[in-house]
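Scroll down for the structure; my scribbles are underneath it.
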Amino acid sequence: MTDPPVNQDTSDNAADGSLQVVVLSGPSGSGKSTIVNRLVAESRVKLIKMISATTRPIRVNETHGEDYYFLSDQDFRQKRDAAEFAECEEVHSSGFWYGTLHSELHRAANEGGWAFLEIDVKGALSVMEQYPNAITIFLKTPSEEVFENRLRARGTESEEVIQRRLRTAREELKSADRYRYQICNDDLDRAVNEIIEVLVSREAESNA
């Protein structure tokens, strides 16, 4: 069983440039998961996908320290009160909390890679405040119609859930301009390559 890394002072890594943070957000159905997997496998910059902490119960076939860090309510609350999270929130009023620990970001730096977060807009805005040099990318579909068609094509969600996701997507799009880059996922290969070029360009700037 793997526990979360021990928390460290975030200022040192940020100041010396050893901690590089990449944030990817986008509405459900925008293709985030597929693009994340492609980027981790194909990027010329070493990306290390961050493992979130959560208070929800572990599910069958999930592994602590690989899928999530499964924390008790008390442990999560203590870490939240101690400002050990880069971002955290209760999701969908479920009573379960999710978040990304600062120590998890440092794990990426210690492993010689860039911390790669796939998080929602609220979490991303929190990360932006604490890591202002983060590479932030908002992934969107060509239109709301395309987005809705993708949701319906899944065939896994009720009409109520689809409508809720559409409302959430409209709200998230209002914050798209807060991100450094907006990528339209109208062609998967092009979107992946465009993001890789962004990362390579930032790496070149960092090494200059």
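Each reported figure results from applying straightforward, stated rules to the coordinates on display, with no laboratory input. If you're wondering where the values come from, they're calculated on a predicted model, not measured in any experiment. We place every Cβ from the backbone using ideal geometry, glycine too, and count neighbours over all the protein chains shown.
Tabulated values for the structure
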| read-out | value |
| --- | --- |
| From E148, E111, residue being surrounded by fewer than 21 Cβ atoms within 10 Å (Cβ to Cβ) and touching a helix residue (DSSP H, G or I) at 6+ places or on another chain (Cβ under 9 Å) | E148 |
| Selection status of S18, over 29 Å from R150 (Cβ atoms), surrounded by fewer than 21 Cβ atoms within 10 Å (Cβ to Cβ) and hydroxyl-bearing (S, T, Y) | yes |
| Test: residue in region 151-172 that is closer than 29 Å to K79 by Cβ and surrounded by 16 or more Cβ atoms within 10 Å (Cβ to Cβ) | yes |
| Residues located in region 165-200, provided they are among the acidic types (D, E), under 20 Å from E148 (Cβ atoms), more than 16 Å from the chain's Cα centre (by Cα) and not in a loop (DSSP other than H, G, I, E, B) | E171 |
| Hits in region 93-140 (condition: basic (K, R) and under 12 Å from the mean Cα position of the chain (by Cα)) | K122 |
| Test: I196 is touching a Gly at 6+ places or on another chain (Cβ under 9 Å), under 22 Å from L39 (Cβ atoms), surrounded by 13 or more Cβ atoms within 10 Å (Cβ to Cβ) and of a type in the set (A, V, I, L, M, F, W, C) | no |
| Verdict on E145 being in contact with a Leu (Cβ under 9 Å, 6 or more places away or on another chain) and without any contact (Cβ under 8 Å) to a residue 24 or more places away in the chain | no |
| Residues within region 105-125 that are within 13 Å of M50 (Cα to Cα) and acidic (D, E), tallied | 2 |
